[in-house]
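Asker: Following this message is one structure expressed as structure tokens.
The values are calculated or read from the model by the stated rules, or taken from the named source; none is laboratory data. Only a predicted model underlies this, so the values are computations on that prediction, with no experimental measurement involved. Note that we place each Cβ from the backbone using ideal geometry, even for glycine, and neighbour counts take in every protein chain shown. Ligands, DNA and RNA are excluded from the accessible area calculation, which covers all protein heavy atoms including side chains. Shrake-Rupley method; radii C 1.70, N 1.55, O 1.52, S 1.80 Å.
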Amino acid sequence: QGLAKARQGVGLEAQGREVTTIEGLAQGDQLHPVQKAFAEYGAVQCGFCTPGMILAAKALLDSNPHPTEAEIRQGISGNLCRCTGYVKIVEAIQAHDAAMARLATSRHIAGVREIVAAGLGRELRNESVDSGMSGGAGRG
């Protein structure tokens, strides 16, 4: 688990482990959320550093889902970018964090709605069963 920095010997360290490359991040033709954030926030220019930045951002977010700006800068520090000045890259990573928080919140709300709807459905069914029983018992 974690990010392997490019250096001699990294191939030996990766032996027998799963290695994710930028090509393996997307699911079919659906970009990974970090890739989407980089595209949406203009965090790519020449593209030379983009794969390393995205993979470093993903590794950071996997281990720390809500990093501070300083933690983001530290997390991508092994990658050099000569085009963006890092501002857009940091913004994209922060935006991904915010988007994931909104997604988690919306999933939570949807889950609560399902629970409430299921509970109301049971209550309604129970009321109709109860009223049917009492109505039937009083007629007899």
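Asker: Just for the range 21-31: of the residues that are assigned to a loop (DSSP other than H, G, I, E, B) and in contact with a helix residue (DSSP H, G or I) (Cβ under 8 Å, 6 or more places away or on another chain), which one is farthest from GLU91 (Cα to Cα)?
Answerer: In this case the residue turns out to be THR21.
Asker: State yes or no: is LEU25 open to solvent by less than 70 Å² (accessible area, probe 1.4 Å) and either at pLDDT 90 or above or not basic (Lys, Arg) (or both)?
Answerer: Taking the combined requirement at face value, the residue satisfies it.
Asker: Here is a further query. Which members of the range 32-64 meet the condition of being out of contact with any helix residue (DSSP H, G or I) (no Cβ under 7 Å at 6 or more places or on another chain), open to solvent by 70 Å² or more (accessible area, probe 1.4 Å) and part of a loop (DSSP other than H, G, I, E, B)?
Answerer: GLN45, CYS46, PHE48
Asker: Right, next: Please work out if ALA70 is more than 17 Å from LYS36 (Cα to Cα), at pLDDT 90 or above, part of a helix (DSSP H, G or I) and out of contact with any Phe, Trp or Tyr (no Cβ under 8 Å at 6 or more places or on another chain).
Answerer: Judged against the criteria, ALA70 is a match.
Asker: For CYS83, only one of the following conditions fails: (1) modelled with pLDDT of 90 or more; (2) open to solvent by 40 Å² or more (accessible area, probe 1.4 Å). What is its number?
Answerer: Going through (1) modelled with pLDDT of 90 or more; (2) open to solvent by 40 Å² or more (accessible area, probe 1.4 Å) one by one, CYS83 breaks only (1).
Asker: Out of all the residues in the range 37-48, which are farther than 13 Å from LYS88 by Cα and either of a type in the set (Phe, Trp, Tyr) or within 19 Å of the chain's Cα centre (by Cα) (or both)?
Answerer: Once the filter is applied, which keeps residues that are farther than 13 Å from LYS88 by Cα and either of a type in the set (Phe, Trp, Tyr) or within 19 Å of the chain's Cα centre (by Cα) (or both), the range 37-48 yields only PHE48.
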